[in-house]
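Here is the structure we will look at.
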Amino acid sequence: QGENLLYCFEVAPTQPALTQVTQCRTEGSTRGLAAMPRLALDVMACEVLRVLQLTDTALIPVSYLVPRKSVQEFHEDLFPDCTGTLPATDAQGWWAGDSQQVGRVSLHPARRPTETFMSPIIAGPGPTNISHTDADTGHTDTGHTDTGHTDTDQTSGYSSPSSLASPGSAATSLSASTGPSSGFASSPSQKSLQSILGPSSRFRHAQGRVLHRDHHLTNLRGLSLTTPGECDGFCANHQRVALPLLSAGGQIAVLEVPRSLSQLSKPGRLPDTAVPTIQNGAAVADLTWDPFDPRRLAVAGEDAKIRLWRIPEGGLQETLQEPEAILRGHTEKIYSIRFHPVASDLLVSSSYDMTVRIWELSTRQEVLCLQGHTDQIFSMAWSPHGKKLATVSKDGRIRLYEPRRSSQPQQEGPGPEGGRGARLVWVCGGDYLLVSGFDSRSERRILLYRAQALPEGPLSVLGLDVAPSTLLPFYDEDTSVVFLTGKGDTRVFLYEVMPEPPYFLECNSFTSNEPHKGFVFLPKTACEVREVEFA
């Protein structure tokens, strides 16, 4: 240990017993050495030994090759059969006197037993997708270029977790690793590497890639960029996108979106002429699509009313002026509205009157008014199972409601320190809450809470950067990856969220060429599963 020379000797039963074969000078001082099993050798390249050298900052493989004129041939003299991986007996058999030996296996690729080690990779085009690569065959279930499996491959345009991603790209590719929450099997060598270097996300090689301009919808005119901070700026489902316009009267453009990432029904530049719009009648404060009815759009106005609009089959062909219904009850401007994730015809809204109201759309009536807020409500979110509703407000408190039991908060806990804005989302199966906000020095942070222990405060706090806009979180429950970006930002942060320390595992970020005016995610039903797209 501490040296930078590796010596290799041949051991013989005759004199001289030890004969030096070669020596290798390494770049860094050795802190530890380990030999790889013979089944891991590249026998077709005449590799007879592979050693892993541990230095202060890296694990470096050192390969020993025997020069042969004919490579890519199997040389029986170099590679006799080696010990296999199946046990010869069990503990009870050994205690009973069974002395069988582990069987021998051939190193010849054609006769080698099938291995079970898998190294999945997740890749994706455009708005974000994933592909899967088989480590044994090298086959990738997508047409995209293999982005590589190792931390040393930094030539494919994505950044390491400590740097920015390539701005030329928005499909998300993820490489399986050895994170604690990974659903993939890890080999003993991978687990030992994790114990040395610490946990890493199985999705740390996430890559964003912007699709070709042929797939963009351009020439968007007169967009409203002044929607409140509690609004995402626009909304989308798997059929349509709704965009508030700057025109008087709260006009909303509704555009058809592609059914797949590879094809657009109406690609390219929009016409210079005016497109049919929704005439909302009041400036738009927030808007959202019904998850169970892709043709129903709910719009909250600054006049304290919620209007429900029904889009005709095939999209807007003419201007809509009459809403399907108008919900009245709030006394001041509305902050945000959210549909229930499980039950149809349920909508929740928050307002400057510091109330949260739940509406039953089938009867067009308010059914419950939640109390307890003392200041502006920044954000609210239904739990995945729809039983609970969480809110975060300017008074620095997070509140948890169970609307079917009480109109008062079930729990309260300390929220972000700063009063500039906050968002929250349920994570890890609905057992935890992730909150994005600011500290007293205006640093943007994310905080993780256990939903059943809000008074205890956050389990973990992670500072990200200093910027004026609130981070908008999107959580993908299938991969447990959270995406975070803000209006006016060019960077999207990605973290895998875990219910145990260290709670946040950093993945590659994505950087766009232009600042975001809005950022939304399509439903999972819009993903190209054949390309293993996940978001």
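Checking the conditions here, which among T273, T319, T277 is among the polar types (S, T, N, Q), outside the structural domain of S469 (by the TED database) and closer than 30 Å to W382 by Cβ?
T277 is the lone residue from the list that is among the polar types (S, T, N, Q), outside the structural domain of S469 (by the TED database) and closer than 30 Å to W382 by Cβ.
Which pairs have Cβ atoms under 8 Å, sit 6 or more apart or on different chains, and link a residue in the range 436-451 that is under 17 Å from E506 (Cβ atoms) to one that is open to solvent by less than 10 Å² (accessible area, probe 1.4 Å) and aromatic (F, W, Y)?
R444/F438; R445/F438
Could you say whether any residue in the range 438-449 is on the phi > 0 side of the Ramachandran plot and open to solvent by 10 Å² or more (accessible area, probe 1.4 Å)?
Yes, there is a match, as at least one residue in the range 438-449 is on the phi > 0 side of the Ramachandran plot and open to solvent by 10 Å² or more (accessible area, probe 1.4 Å).
Residue by residue through the range 487-515, note down the ones that are closer than 24 Å to C235 by Cβ and surrounded by fewer than 18 Cβ atoms within 10 Å (Cβ to Cβ).
Passing the criteria: G488, T490, N513, E514, P515.
Looking at L347, is it in a strand (DSSP E or B), over 23 Å from A422 (Cα atoms) and either open to solvent by 60 Å² or more (accessible area, probe 1.4 Å) or modelled with pLDDT of 95 or more (or both)?
So L347 fails the test.
Mind checking which residues of the range 376-400 are over 16 Å from V435 (Cβ atoms) and either touching a residue at least 24 places away in the same chain (Cβ under 8 Å) or assigned to a strand (DSSP E or B) (or both)?
Within the range 376-400, P384, H385, G386 meet the criteria.
For the range 350-387, how many residues meet the condition of being open to solvent by 20 Å² or more (accessible area, probe 1.4 Å), farther than 23 Å from R420 by Cβ and of a type in the set (V, I, T)?
Final tally of qualifying residues: 2.
Residues being at pLDDT below 75 and under 22 Å from P499 (Cβ atoms): count how many of those fall in the range 173-228.
Summing the residues that are at pLDDT below 75 and under 22 Å from P499 (Cβ atoms) in the range 173-228 gives 18.
Which residues, taken from the range 296-319, are part of a strand (DSSP E or B) and buried (at least 17 other Cβ atoms within 10 Å of the Cβ)?
R296, L297, A298, V299, A300, G301, K305, I306, R307, L308, W309
Kindly evaluate L454 against the criterion of being under 19 Å from the mean Cα position of the chain (by Cα), open to solvent by less than 10 Å² (accessible area, probe 1.4 Å) and of a type in the set (A, V, I, L, M).
no
For L264, state whether it is loosely packed, with under 15 Cβ neighbours inside 10 Å, modelled with pLDDT under 85, farther than 21 Å from E324 by Cα and within 31 Å of the chain's Cα centre (by Cα).
No; evaluated as a whole, the condition is false for this residue.
Suppose we keep only residues that are of a type in the set (G, A, S) and within 15 Å of T288 (Cβ to Cβ) within the range 326-346. Which one would you say is nearest to the chain's Cα centre (by Cα)?
Per the criteria, the residue is S336.
Taking the range 237-255, which residues are out of contact with any helix residue (DSSP H, G or I) (no Cβ under 7 Å at 6 or more places or on another chain) and open to solvent by 50 Å² or more (accessible area, probe 1.4 Å)?
Of everything in the range 237-255, those that are out of contact with any helix residue (DSSP H, G or I) (no Cβ under 7 Å at 6 or more places or on another chain) and open to solvent by 50 Å² or more (accessible area, probe 1.4 Å) turn out to be L246, S247, A248.
Note down all Cβ pairs under 7 Å where the first residue falls in the range 403-420 and is open to solvent by less than 40 Å² (accessible area, probe 1.4 Å), the second is small (G, A, S) and part of a strand (DSSP E or B), and they're at least six residues apart or on different chains.
G415/G437; P416/G437; G418/G437
The values are calculated or read from the model by the stated rules, or taken from the named source; none is laboratory data. Everything quoted here is computed from the prediction, not taken from an experiment. Neighbour counts run over all protein chains shown; Cβ positions are idealised from the backbone, glycine included. The protein model used for the area step is the full one, side chains on, heavy atoms only, and it has no ligands, DNA or RNA in it. Shrake-Rupley method; radii C 1.70, N 1.55, O 1.52, S 1.80 Å.
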